Structure formats: C-alpha cells, structure tokens
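Here's the structure, in structure tokens; my notes come after.
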There are 2 protein chains.
Amino acid sequence: MKIKITKLKEKMLSVFQEKFTAKEAEIITEYLIWAEMSGIKTQGMIKLIGAEPLQDIEPKHAIKIERDTKLSQLINAGGAPAPLVSSIATDTVITKSKQYGFGIVGVHNTFSSNGSQAYYVEKIAKMGLIGFMCSRSPAATSAFGSIDPLFGTNPFGVAFPTQEEPLVFDMATSAITWYGLILAKARGEKIPKNVAIDVNGAITTDPAKAMEGSLLSFDKSYKGSTIGALVEVLAGPLVSSAYIDNKTFKEEWGSLFIALNPNLLVDAEKFKSSCSDLIKKIKNSRKKKGVTEIRLPGERSKTEYKKTLTSGFVDIDEVILKKLKFI
Amino acid sequence: MKIKITKLKEKMLSVFQEKFTAKEAEIITEYLIWAEMSGIKTQGMIKLIGAEPLQDIEPKHAIKIERDTKLSQLINAGGAPAPLVSSIATDTVITKSKQYGFGIVGVHNTFSSNGSQAYYVEKIAKMGLIGFMCSRSPAATSAFGSIDPLFGTNPFGVAFPTQEEPLVFDMATSAITWYGLILAKARGEKIPKNVAIDVNGAITTDPAKAMEGSLLSFDKSYKGSTIGALVEVLAGPLVSSAYIDNKTFKEEWGSLFIALNPNLLVDAEKFKSSCSDLIKKIKNSRKKKGVTEIRLPGERSKTEYKKTLTSGFVDIDEVILKKLKFI
C-alpha cells in the first residue's frame, strides 16, 4: 500500500534508533527507503521481517579499522548490518579518491548482504568519480565443470558519471539470486530450467533442491564462472573475508569498494560528456524486431525512483507494514 | 614445424630491428614468442603476415605521454604496434603500484590489438600485484536489444599472484572473436549458431554476413552486453580513445592497465596463500559427470608454455616461416 515517504522515514528511524545511534539509523534507513523507492523490493524492507530482522542485529563488536593508508582502508564490520558499514565504506572511497585520485576500501564481517550494489556505486558516480564494488556471499554457485557450491551469488556494480544521471551497472554473477530461490520456495513455485543443479549435479527446477545443490553461473558457462571466481577473490581474500565456504554463513560476508577519479587519465568533464554521448549512441542504435526501446542497466529502477519521489508516496508491501506496526 | 626458440628469437629480432630500436624489437619479439610458446597462435606470429604486417608499421609519431601523475599515465601511442606500447604501459603500472600501491595507465592510438591480455596481466601478477587490463576494438558487437555493432570484442584480463604461478583470467566479451570470423571465412567454414547476426538482425552462420552485421555478447543476453559496455567506457572515453565507432578502425584502439598492491588491504603473503588455497578448493571440488579435471582459466596455455620452454623448440606454422624467409 502507498505510504507517505516522510512518514515512512520517521517510523523507520524510530525503529532503528532502538539499537543504533541516530546517525547509524539515518544511514540504514536511507538505503532501505532508496531500495523501496527504486522498486528493488527484494533488497529493501523485506530485510526487516523474517528470522533475523535487520533492526534487531546486535553487532559483536564496534567497527574496527584494521588497515589505513592514504589510498585504502580495511574495515572489520564486527557483525554490523552491511548497508551501514558499506555506506561508510562508500563515503571513505569518495573522500580518498577526491584527495588522491583513487580510493579502495575492503569490508569484512558484516551481517548479511549490502542489498543493491547500485545504491553505493551510484553515490560514488554522483561525485564525478567512477565507482566499483563487488561482494562475496556464502558459497552457492558452482564453478564450470564442478557440481559443488563454491562461489557466492557474487554481485558487482559499476557506475560512471555522465552529464545527466550516472550510468549504473549492477548484476549477480549467478543465473538466479538466492532470494529468487527463497521466493519460489515460499510461493511453492518452480524455478526456471537451467539455472540450478541438485546436490548430485542434475538440473533441477525445485528451489529446495537447488538450495541443497548449487546455482549455475549467469551464462551457464566458463566465462560467467570466471567472473564469479574473480569476485570471490576480490571480495574474499583481498578483504580478509571467507572464501569458497558456506560454513560461516553469518560472519564472513565481504565487499570491496573502489572510487577512481577519471582526471587521473583524462579531463573529467570531457569524460562525462563522452559517457553521455556513448549512452545516446546505444539508445539510438537500430532495435531488434519486437524491441521498442533499448534499456540501459539500472534505467528501470531510476525511473521508478523519480516517479516515487515526485509523488511523495512509496508503495510498501502491507504485510511488512503490519508486521512492523507502521499501520 | 618445430623451430629452435633461440633461433626464432634471433630471426624475429633482426626483422623488427629494421624499423624499430633494439629495445623495441626485443619487447615486440618477447610478446610474439610468448604467444606462440603458449599455443595462442591466433594472437602470435600471424600478425607478421597478411595485409598489414606488424614489422612494417610506420608509427605516425613518437609515443607521447599526455598525462602523468604519481598514480597514472595517459599514453598516445602514435600508431605504434600495440604489443610494444602495452608492454611499456605494463611496466609503468608495476613501477607505480610498487611505489604507491596503485598504478593506472591508459593507452590510445595504437596500431591494432595487444594480442592476448593474459601476457600483460600475468607480468603484473608475477611482481606480487593484482593485474587488470581491458581493451576496446572497432565496433563489432551489438548491445542487448540492438542489431548494430556498437562495442568491440572488448576483452579483459585479470591476474592474481599466488604462491605458485599467477591465476590468470582472460576473455573476450563477444560470443566469438573477430579472428574467429576471419579464420572461418578463409577456410570456407560456417560459424556456430547463435554467436552473430547479419546486417538485418537475423542469426547467421555465414562469417562474411557476420562481419557486415554484429557479433552477440558472450552470454547472448543483457549481462554480457553490460560487461561489453563497461569495457567500452574503460578502454574508450577513460583513455581518450574512440568508442562505439568503426570508422577509425586503425587509429583508435584503446586499453586500460591497472596494477594494485594487495598490501593496501591485507598482508601480501597471506593474500597469495589464500589465492593458492582458493584454487585448490576449486580444483578439488566434485566434478560434473564426464569432467575429469576442473580447468582453471589460462591453465592450458601455461602448460603448453612450460612444455615448449623445456623442449627448447616451438611449433610455428610453416606458411608463416616461409613467408618471413625464416626457412
């Protein structure tokens, strides 16, 4: 149902302020409302209901900065919610990149996932910088030729500044997301053919069997598997997180954040205008039969966000609102 | 036919020294012999025969460094052969990354392509650094939903240091390489189904029609198309190269090189041992029916390289050797 954005924000803040500081509550709320406003419901307020609601998380220890150089920082999140720590990491790479041209931050030991990577990299690109991030999650996806879960669903996101809105890429490297399995299971539905295998390596359309087995890479082949492995290294060993391991489900999620100032190589304004021109060239190219518009990555959610912002109201699942006693 | 590596090198050097300095000849020769020894014949000495042999290239002007900061450099190659300039760029990112933790170099205006990206990123990883590179080439690949050639075949490569040999990833983001088309056409063969479309957007198995039309992304879907676009920006506007353009076929090839010291975030030795362990876990995982070994990216060419090195002889196409008057 439609709820006023300002009212929703107020209620969310009061929920998070029970366990977190005002500043922390603000950061987490900002992410969750962005996801809802962008129509990315699978990465939004759904995190507040279920077995381990985000607002009830008790971090194991305070956030620790384990390494700190001019260009870099390694953060041990102490089990704090990922959207909180990842927002801090995003601000840090922006600051470093603004000062030195490049900033890199590794985060490990968060509670659960960041949600949508688009949120963080878009923030970086809005500062005129190139944003990159990737995350590893508990082992769920097999490597090409293997039938064991090895890599996480391992999403990555990239954003480029343009003269208009940033160009934002955001994708999982698995053929289906973990949430896709949960949803199908809850609804008693089958999953598509050729996205997952059971524990013995046979293709399955049963989400429960897929959970015990493995997901396939997004291209069901070796290139996608290679990209999944790449994320596993960058958001695993490189950030002091776990890797190829589903035994530490709660503790060792990892993420890598990078911000790069294009002026290290070229004029920053020229870069932005070239990116705008590149987008225009893609959108104006000849379309495949049946295609009315060439959509760029992230375009749909950006349109949804703007529409919601203009209306002042956001559509939230009534079940969630009731459970949180917001209505 | 088999030829002694030392003899081949000597002959190659004398060929390149006609137009290039001794140092430059050494750099180009080193790349080409590496490609041949690694069994990557499509990216090796084949470049010395054909319409525009590499050894006959007359650069338009000397290599110009157009931007130079502690962390970065932008190089205008002046139409020099890509393997020469890219080797210089590789050395530069290594030096910068060794000193500051991070180095980034953009190259534009090379003659033709770098060949195999694995060569450059492996060099970086052998220095204990994480290597990344990507290149854009003349427009050949369509974006998802489009039927026009927009992106190049846009390969990227990544290499991680381990306790043993580096882990090297190297892939084109198109479903077939341009060289794959040339070869099929020369042999009068068809190309696989569902890798390319003709000028009107219909799937074609005729390589000539594919050349006039477009290649598809490696996954034939939107994620692969997104990664192709990503490379187009990183090795296009970010390095002052052309983008979405096949009119400047010879002039505006672009490449981006990055070296990152893992010690910006974690202990470098720990990182190497974790990468070795990660590889072991992938290789030791349960195999799909019919798979006897899980091959890592780059494994086959590395094995071939070692075998060739040990024997002292490399197998070169007789047609090439005759044309170059090496035999």
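At A:Met1 and A:Lys280, where each label point lies 7 Å from the Cα along Cα→Cβ, what is the point-to-point distance in nanometres?
Computed distance between label sites A:Met1 and A:Lys280 equals 4.7 nm.
Label segment B:176-215 by shape, choosing from rounded, prolate and oblate, from the square roots a ≥ b ≥ c of the eigenvalues of the Cα gyration tensor; if a/c is under 1.5 it is rounded, and otherwise prolate applies when a/b is larger than b/c, oblate when it is not.
Values: a/c = 1.71, a/b = 1.67, b/c = 1.03.
Because a/c hits 1.5 or more and a/b exceeds b/c, segment B:176-215 counts as prolate.
Cross-link candidates for A:Lys96: which lysines have Cα within less than 21 Å, leaving aside residues fewer than 8 places away along the same chain?
A:Lys64, A:Lys70, A:Lys123, A:Lys126, A:Lys272, B:Lys70, B:Lys96, B:Lys98
Using a Gaussian network for chain A with springs between C-alpha atoms less than 10 Å apart, which of these wobbles most: A:Gln17, A:Gln73, A:Gln117?
A:Gln17
How far is the Cα center of segment B:257-295 from the Cα center of segment A:97-129, in Å?
Going from one Cα centre to the other spans 24 Å.
Estimate the FRET efficiency between A:Leu321 and B:Thr42 by the formula 1/(1 + (r/R0)^6), using the beta-carbon distance for r and 56 Å for R0, to the nearest 0.05.
0.40
Excluding A:Ser240 itself, calculate the net charge of residues whose Cβ lies under 10 Å from the Cβ of A:Ser240, where each Lys or Arg counts +1 and each Asp or Glu counts -1.
-1
When ranked by the protection proxy of mean other Cβ atoms within 10 Å per residue, highest first, what sequence do the peptides A:173-185, B:221-233, B:125-137, A:190-202 form?
Final packing ranking: B:125-137, B:221-233, A:173-185, A:190-202.
Based on the mean of other Cβ atoms within 10 Å per residue, sort peptides A:44-53, A:257-266 so the most packed one is first.
A:257-266, A:44-53
What percent does the relative contact order of segment A:1-158 come to when contacts are Cα pairs within less than 8 Å and at least six residues apart?
The normalised contact order for segment A:1-158 reaches 15 percent.
Mind checking B:289-298 for the average number of partner chain beta-carbons within 10 Å of each residue's beta-carbon?
4
Under 20 Å from the Cα of B:Lys11, which lysines turn up, not counting those fewer than eight places away in the same chain?
B:Lys2, B:Lys19, B:Lys23, B:Lys41, B:Lys47, B:Lys322, B:Lys323, B:Lys325
Using helices alone, I'd like the mean residue ellipticity at 222 nm for the protein assembly as shown: each DSSP H run of four-plus residues gives -39500 (n - 2.57), total over residue count, nearest 500.
-11500 deg cm²/dmol
Which three semi-axes in whole Å describe the equivalent ellipsoid of segment A:7-64, each the square root of 5 times a Cα gyration tensor eigenvalue, listed largest first?
Result for segment A:7-64: semi-axes of 19, 14, 11 Å.
What is segment B:176-215's relative contact order, in percent, from Cα pairs under 8 angstrom and six or more apart in sequence?
Working: 62 pairs, mean separation 15.1, N = 40.
Here the relative contact order equals 38 percent.
List A:Thr69, A:Thr153 from most exposed to least, where exposure is judged by having the fewest other Cβ atoms within 10 Å.
If I rank by nearby Cβ atoms, fewest first, I get A:Thr69, A:Thr153.
Over all residues in A:141-151, what is the mean tally of Cβ atoms on other chains that come within 10 Å of each residue's Cβ?
Numbers: counts 0, 5, 8, 7, 12, 10, 6, 8, 1, 5, 2.
Whole-number average of other-chain Cβ neighbours for A:141-151 is 6.
If each residue's Cβ is checked for other Cβ atoms within 10 Å, how do B:Leu324, B:Leu216 rank with the fewest at the top?
On the way: B:Leu324 17, B:Leu216 23.
By the 10 Å Cβ count, ascending: B:Leu324, B:Leu216.
Determine, for B:Tyr305, A:Tyr100, the number of other Cβ atoms within 10 Å of each Cβ, and report the residues in order from fewest to most.
Lowest to highest Cβ neighbour count: A:Tyr100, B:Tyr305.
Hey, what did chain A get for relative contact order, percent, Cα under 8 Å, at least 6 apart?
Relative contact order of chain A: 21 percent.
Return, ordered by residue number, the residues of segment B:96-128 whose backbone nitrogen is under 19 Å from a label point located 7 Å along Cα→Cβ of A:Lys70.
Within reach of a label on A:Lys70: B:96-105.
Values in this text are rule-based calculations from the coordinates and carry no lab data. For clarity, every value in this text was computed on a predicted model and none was experimentally measured. Cβ: placed from backbone, ideal geometry, glycine included. Neighbour counts: every protein chain shown.
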